[in-house]
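Notes follow the structure.
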Amino acid sequence: MPPETPYSRRQMISGVTVGAAAAAAAVAASPVSAQSVSPSKGGMQDPRTKYPQPPFPVQSQPWPGLAGQMTPRPDHGETSYVGSGRLRGRKALITGGDSGMGRAAAIAFAREGADVAINYLPVEEPDAREVVALIRAAGQKAVAIPGDLREAAFCRHLVNSAVAQLGGLDILVSNAGHQKSTPSMTDVSDEDFDWTMKTNIYAPFWIIKAALPHMQPGAAIIATTSEQAYDPSPDLYDYAQTKAATMNFVKSLAKQLGPKGIRINGVAPGPIWTPLQVSGGASEGKIVTFGATAPLGRPGQPAELAGIYVRLAEDDGSYTTGNVYGAGGGQGQP
Amino acid sequence: MIGSRDNPLGKCKIAAPRPWMAIALAAALIGQTAEAQDRIPPPPRYFVLAAAQSDQYEIAAAQDALAQSQNPQVHAFAQRIIDDHTKSREALRQAALTSGLPSPPQAMDSDQAALLASLQSLRGPNFDRTYAKQQVLAHRQALAVEQSFASAGADSNLRRVARLGVPMIQHHLELALQMRTAVGGS
């Protein structure tokens with residue numbers, strides 16, 4: 001494990017049962033030290049060594065991969081994220097909420113007081129069960145809706161089911177994505193191309209279209225785009241263009257939805273340590289040196305984006321719409 | 001095959017962030033055997049930085065190669081690089097401390113990061129050819145910097161490290177040239 005500052009929040013909470021109630025108890029028990037360890041209140045760690053650096057072990061999993069089987073295991077904020085009521089009473093649906101950035105958002109949203117529905121593929125059930133347990137440990141309602149977003153009918157069912165079980169919907173995180181590294185575009189099969197387009201472009205269309213009639217002024221939509229939207233890797237010809245499309249629809253929809261009081265924004269991650277990468281999203285060599293190209297010298301962890309999703313969802317971010325927030329480790333745009 | 005006919009110098013953009021590096025690089029790239037004493041050596045702390053960045057980049061690219069390549073010769077080269085540069089990195093760190101300079105960062109420069117990023121996207125013979133091509137180029141660059149500091153660097157302690165580094169890099173360059181021929185690179 002990388003070295004940490006003596007008063008890191010992570011160490012402070014270690015040994016305490018995970019969950020908002022436990023975190024709240026810890027804060028109540030020692031308000032002074034709690035203040036001093038909260039990153040938003042002056043805590044400080046070296047961003048280069050805060051998390052694991054390459055080389056990483058050679059590893060691959062069949063698509064879509066499980067976070068629980070990655071080495072090292074990604075950090076989604078399970079033991080570190082502490083909420084402060086920033087999303088109290090909100091109702092969120094997150095696609096791809098079982099792992100990666102979606103999972104980090106789900107954990108953070110729940111600890112900020114939101115009820116959370118997550119969508120994932122049925123084979124991702126082991127990861128999803130952990131997220132459901134974490135949401136419930138935070139004292140919030142958790143709704144699990146497994147299914148493949150490549151079907152329009154399922155996307156509509158997903159939204160309707162989330163609305164029914166949550167009793168409404170005011171945060172939508174369109175995050176699930178498909179990525180398969182293929183060095184030559186002549187080797188991208190029609191089926192693979194269709195898979196990527198359906199998951200990354202059609203599904204957000206179907207889901208946002210179904211969700212909007214349920215969203216009131218103040219509601220927020222967040223789409224996961226990527227540094228790939230601006231600076232595509234040659235082996236991600238198909239994936240990268242879907243992320244450019246995502247960045248673009250954030251901006252067109254912001255113009256449509258601003259007058260209705262609904263905000264929409266994007267998150268553009270750099271190289272982040274998620275199952276998407278080890279299940280065909282990157283070559284084995286790239287996995288071993290993953291993040292080595294970033295000026296911070298390591299990949300990002302999903303937990304490092306949790307605060308961005310919260311920021312874009314919360315009411316305090318009320319003037320932010322049509323924007324893309326990044327976490328690129330020093331490389332890429334925006 | 002895509003990539004196989006590319007001019008390696010045209011494809012691999014290596015900028016020269018400092019004047020001394022431009023001079024050293026120009027000599028290296030056009031294959032001149034300019035007399036060492038004609039070159040302007042980098043100041044000690046820039047030499048440490050450049051050498052540390054080379055170590056970091058060489059090791060990362062070799063780790064990529066060990067995971068990605070199926071070619072035994074590429075594997076042997078990559079393992080040799082990791083072994084040698086792990087040692088040279090430590091020798092450099094010790095020398096920097098002895099000379100009262102800060103411990104060199106474990107980071108590559110942005111041009112090296114771009115080379116590694118382009119390598120990360122490749123597989124099979126294309127990976128091997130690109131790796132060999134980049135290694136020839138990277139070692140020519142590293143040799144130029146190392147030679148100029150070895151001959152006239154301002155710090156005797158670091159100059160000794162550079163003198164030890166020159167034959168290592170020369171040998172790596174020979175191996176890289178052999179590897180480039182073996183994998184059909186240009």
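Computed from the coordinates by the stated procedures, all read-outs in this text should not be read as laboratory data. Everything numeric here is computed off the predicted structure, so don't read it as measured data. Backbone-built Cβ (ideal geometry, glycine too); neighbour counts: all protein chains shown.
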Would you mind calculating the relative contact order of chain A from Cα pairs under 8 angstrom and at least 6 residues apart, reporting the percent as a whole number?
21
Pop a pseudo-label 7 angstrom from the Cα along the beta-carbon direction at both B:His171 and B:Ile40 and give the gap in nm to one decimal.
3.4
Running a GNM on chain A with Cα contacts under 10 Å, which residue among A:Thr321, A:Thr49, A:Thr274 ends up with the highest mean-square fluctuation?
A:Thr49
Using the basic label-point model (7 angstrom from Cα toward the beta carbon), what is the A:Ile201 to A:Asp187 distance in nanometres?
2.3
What is the distance in Å between the Cα centres of segment B:38-71 and segment A:127-159?
46
I'd like the FRET efficiency for A:His157 and A:Met44, computed as 1/(1 + (r/R0)^6) with the beta carbon distance as r and R0 of 30 Å, rounded to 0.05.
0.05
Would you mind checking which residues have amide H under 5 Å from A:Gly300's amide H? H placed 1.01 Å from N; only 5 or more apart, or other chain.
A:Ile272, A:Trp273
Gain in length, A:Ser318 to A:Gln333, computed as 0.36 nm per residue apart minus the alpha-carbon separation, to one decimal in nm?
3.1 nm
Could you sort out which of A:Lys209/A:Lys255; A:Lys198/A:Lys243; A:Lys180/A:Lys251; A:Lys50/B:Lys87; A:Lys180/B:Lys133 sit more than 24 Å apart by Cα distance in this structure?
A:Lys180/A:Lys251; A:Lys50/B:Lys87; A:Lys180/B:Lys133
If we count GluC sites (Glu not before Pro) as exposed when they sit in a DSSP loop and have at most 16 other beta carbons within 10 Å, what is the longest stretch of chain A that avoids them all?
A:152-334
Please list, or write none, the aspartates and glutamates whose alpha carbon is within less than 13 Å of the alpha carbon of A:Lys141, excluding same-chain residues fewer than 8 places away.
A:Glu112, A:Asp115
Loop-located trypsin sites (Lys or Arg not before Pro) in segment B:112-184, at most 11 other Cβ atoms within 10 Å (DSSP):
none
Report, ordered by chain and residue number, the aspartates and glutamates lying within cross-link reach of A:Lys260, taken as a straight Cα distance under 19 Å and ignoring same-chain residues fewer than 8 apart.
A:Asp170, A:Glu314, A:Asp315, A:Asp316
What average number of partner chain Cβ atoms lie no more than 10 Å from the Cβ of the residues making up A:279-287?
5
Return the distance in nm (one decimal) between the two label points of a simple spin-label model at A:Ser252 and B:Ser99, each offset 7 Å from Cα along Cα→Cβ.
5.8
Choice from A:Ile272, A:Ile264, A:Ile208 with maximal GNM fluctuation in chain A (Cα, 10 Å cutoff):
A:Ile208
Potential lengthening between A:Val58 and A:Lys260 on full extension [0.36 nm per residue; Cα-Cα distance subtracted]
67.9 nm
Length-normalised contact order of segment A:105-183, Cα under 8 Å, at least 6 apart, in percent, tallies to 29
Take chain A, connect every pair of alpha-carbon atoms lying under 10 Å apart with a spring to form a Gaussian network, then pick out the residue of A:Ala164, A:Ala306, A:Ala223 with the largest mean-square fluctuation.
A:Ala164
Please work out whether segment B:82-123 counts as rounded, prolate or oblate from its C-alpha gyration tensor, where a ≥ b ≥ c are the square roots of the eigenvalues and a/c under 1.5 means rounded, while otherwise a/b larger than b/c means prolate and anything else oblate?
oblate
By the Cα gyration tensor axes a ≥ b ≥ c (a/c under 1.5 gives rounded; else a/b larger than b/c gives prolate, otherwise oblate), the shape of segment A:194-244 is oblate
Over 37 Å, how big is the tail of the calculated P(r) for chain A, in percent of all Cα pairs?
11
For segment A:194-316, the Cα convex hull volume per residue in Å³ comes to 118
Using only the Cα atoms of segment A:41-147, build the gyration tensor, take square roots of its eigenvalues as a ≥ b ≥ c, and label the shape rounded, prolate or oblate: rounded if a/c is under 1.5, else prolate if a/b is larger than b/c, else oblate.
oblate
